[in-house]
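**Q** Before I ask anything, here is the structure I am working with.
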Amino acid sequence: MITCAEAVNGLWAYLDATVDAEGRVLVEEHLARCRTCCGEMEFAKELRRMLAGAREQRVPPDVLRRLHQTIEELGT
Ligand SMILES: [Zn+2]
């Protein structure tokens, strides 16, 4: 199974539909088994929805900070 960090990194490509079939399976498999990343998935979906509805706006600094923080925490 891939690590949380790999899953999160793959998550963004996954949500952008730029991930290949193999990568998609790896991410889905991880998310199905990892509680931490399930929460991350919800977060990422929410973030994407927000970005889609606010293309003209900058991403709020606190959102970016949380994103980077989450990735760093998962990577340790
Ligand atoms: Zn995980």
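**Q** What single numbered condition from (1) at pLDDT below 75; (2) more than 13 Å from the ligand (Cβ to nearest atom) fails to hold for THR76?
**A** Condition not satisfied by THR76: (2).
**Q** Filter the range 28-44 down to residues that are of a type in the set (D, E, K, R) and open to solvent by less than 90 Å² (accessible area, probe 1.4 Å), then give me how many there are.
**A** Within the range 28-44, residues that are of a type in the set (D, E, K, R) and open to solvent by less than 90 Å² (accessible area, probe 1.4 Å) number 3.
**Q** If you check every pair at least six apart or on different chains, which have Cβ atoms under 8 Å apart with a residue in the range 1-30 that is outside any helix (DSSP H, G or I) and near the ligand (Cβ under 9 Å from one of its atoms) first and a residue that is of a type outside the set (A, V, I, L, M) and open to solvent by less than 30 Å² (accessible area, probe 1.4 Å) second?
**A** Listed pairs, sorted by first residue: MET1/HIS30; ILE2/GLY10; ILE2/HIS30.
The values are calculated or read from the model by the stated rules, or taken from the named source; none is laboratory data. Everything numeric in this text was worked out from a predicted model, so none of it was measured. Here the Cβ is made from the backbone with ideal geometry for all residues, glycine too, and neighbour counts use every protein chain on show. SASA here: full protein model, heavy atoms, side chains in, ligands and nucleic acids out. Shrake-Rupley method; radii C 1.70, N 1.55, O 1.52, S 1.80 Å.
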